[in-house]
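A short write-up of the structure that comes next.
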Amino acid sequence: MTTPQIIVMIGGILLILFIAWFFWLSPKEQTRISTNNNGTQEVAITVKGGYTPDIIVVKAGQPLRMRFTRQESSSCSETVTFPDFNKSAKLPEGQEVIVEFTPDKPGEYGFQCLMGMLRGKLIVE
């Protein structure tokens with residue numbers, strides 16, 4: 001192998017490692033939800049190319065109200081599912097949809113679109 005080929009190969013490997021870190025391994029910002037006057041935890045989530053916020057931290061045993069607003073027309077984001085809580089909701093474009101349940105057990109629970117392309121995480125403490 002020549003020196004330029006080695007440099008290109010090392011550069012390619014470094015680029016692959018950076019992409020893997022950026023998309024899958026980099027630390028993500030968490031949104032910690034507080035309880036309102038009614039004793040309910042409430043969060044507004046925007047659906048546009050993903051869920052914002054996508055990592056939500058809540059307390060176990062307290063009711064949770066998630067307000068989803070879909071701001072895109074992609075068919076993938078039409079539905080949000082919470083498999084561990086047996087919940088799902090249709091998300092019409094431009095309308096707020098409320099999903100309510102009480103997460104009882106601490107742990108990490110995923111939520112996603114039907115295709116699994118848009119993903120979020122609910123951390124119950």
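The values are calculated or read from the model by the stated rules, or taken from the named source; none is laboratory data. The model shown is predicted, which means the values in this text are computed figures rather than measured ones. When we count neighbours, we look across all protein chains shown, and the Cβ atoms used for this are built from the backbone with ideal geometry, even at glycine.
List of remarks:
- Of all residues in the stretch 85-110, those that are surrounded by 13 or more Cβ atoms within 10 Å (Cβ to Cβ), out of contact with any Pro (no Cβ under 8 Å at 6 or more places or on another chain), closer than 16 Å to residue 51 by Cβ and in contact (Cβ under 8 Å) with a residue 12 or more places away in the chain total 6.
- Count of residues meeting criterion [under 11 Å from the mean Cα position of the chain (by Cα) and in contact (Cβ under 8 Å) with a residue 12 or more places away in the chain] in the stretch 50-64: 6
- The single condition from (1) loosely packed, with under 11 Cβ neighbours inside 10 Å; (2) in contact with a strand residue (DSSP E or B) (Cβ under 8 Å, 6 or more places away or on another chain) that residue 38 fails is (2).
- Every condition in (1) modelled with pLDDT under 95; (2) over 17 Å from residue 40 (Cβ atoms); (3) aliphatic (A, V, I, L, M) is met by residue 60 except one, and the failing one is (2).
- Residues in the stretch 99-125 that are touching an Asp or Glu at 6+ places or on another chain (Cβ under 9 Å) and in a strand (DSSP E or B): 107, 109, 110, 111, 119, 120, 121, 122, 123, 124.
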